[in-house]
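The values are calculated or read from the model by the stated rules, or taken from the named source; none is laboratory data. Predicted model, so just to flag it, every value in this text is computed and none were measured. Every residue, glycine among them, receives a Cβ derived from its backbone with ideal geometry; neighbour counts consider all protein chains shown. Each accessible area value is taken on the protein alone, full model and side chains, heavy atoms only, with ligands, DNA and RNA left out. Shrake-Rupley method; radii C 1.70, N 1.55, O 1.52, S 1.80 Å.
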Amino acid sequence: MVIPPPERAARVTRFLKPYLLRMHFSNKYVSAQVIHTPTATVACSASSQEKLLKPNMVSTRDVSAAAKIGKLLGERLLLKGIPAVSIHMKREQKYHGKVKAVIDSVREAGVKLL
């Protein structure tokens, strides 16, 4: 059974940042997804586990893989008509390494970061 998200007043949702970029890094893979927060659904995602990307990557877990995932996610966002996203980083994540590669390549693809 799926529980729908709680209803928010229109005056509150107008000021929320509706699209949220979340990144996950495991020991084998890199994945990033953009979540539409008012409806709590995934708007767009990209991962180094995708079958079409694996042959083109040397490694699925390093900084270059993170940059490719960010570029692909940025292109998919623009195709869906999402011009801007806000970034959600976990407490232990710093703007360095793989996180920086994903964020910079999304920005270079033409998506604004809030």
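Things worth noting here:
- Local net charge near Ser48, Cβ-Cβ under 9 Å (Lys/Arg +1, Asp/Glu -1): +3
- Reciprocal mean inverse distance between Cα atoms of the chain - Kirkwood radius, Å: 14.8
- Helix-only arithmetic for the chain: the sum of -39500 (n - 2.57) across DSSP H runs with n ≥ 4, divided by the residue total, places the mean residue ellipticity at 222 nm at -9000 deg cm²/dmol.
- The amide H of Cys44, built 1.01 Å from its N in the peptide plane, has Val34 as neighbours under 5 Å, considering only residues 5 or more places off or on other chains.
- For His96 and Ser45, a Förster radius of 25 Å and the Cβ-Cβ distance give a FRET efficiency of 0.60, rounded to the nearest 0.05.
- Exposed loop sites are taken as chymotrypsin sites (Phe, Trp or Tyr not before Pro) in a DSSP loop (any state but H, G, I, E or B) with at most 13 other beta carbon atoms within 10 Å; the longest stretch of the chain without one runs 16-94.
- Other residues within the sphere of radius under 11 Å centred on the Cβ of His24, judged by their own Cβ, net out at +3 (K and R +1, D and E -1).
- Between 0 and 90°, nearest 10: helix 63-80 axis offset from the chain longest Cα axis: 40
- Excluding exposed DSSP-loop GluC sites (Glu not before Pro) (at most 14 other C-beta within 10 Å), longest clean stretch of the chain: 8-91
- Split the accessible area of the chain by element, probe 1.4 Å, and carbon with sulfur accounts for 57%.
- Residues whose amide H falls under 5 Å from that of Ile87, counting only those 5 or more places apart or on a different chain, are Leu21, Leu114, with hydrogens built in the peptide plane.
- When the Gaussian network model of the chain links Cα atoms closer than 10 Å, the mean-square fluctuations of Arg91, Arg61, Arg22 top out at Arg91.
- Counted charge near Leu73, where neighbours are those whose Cβ lies closer than 13 Å (Asp, Glu -1; Lys, Arg +1): +2
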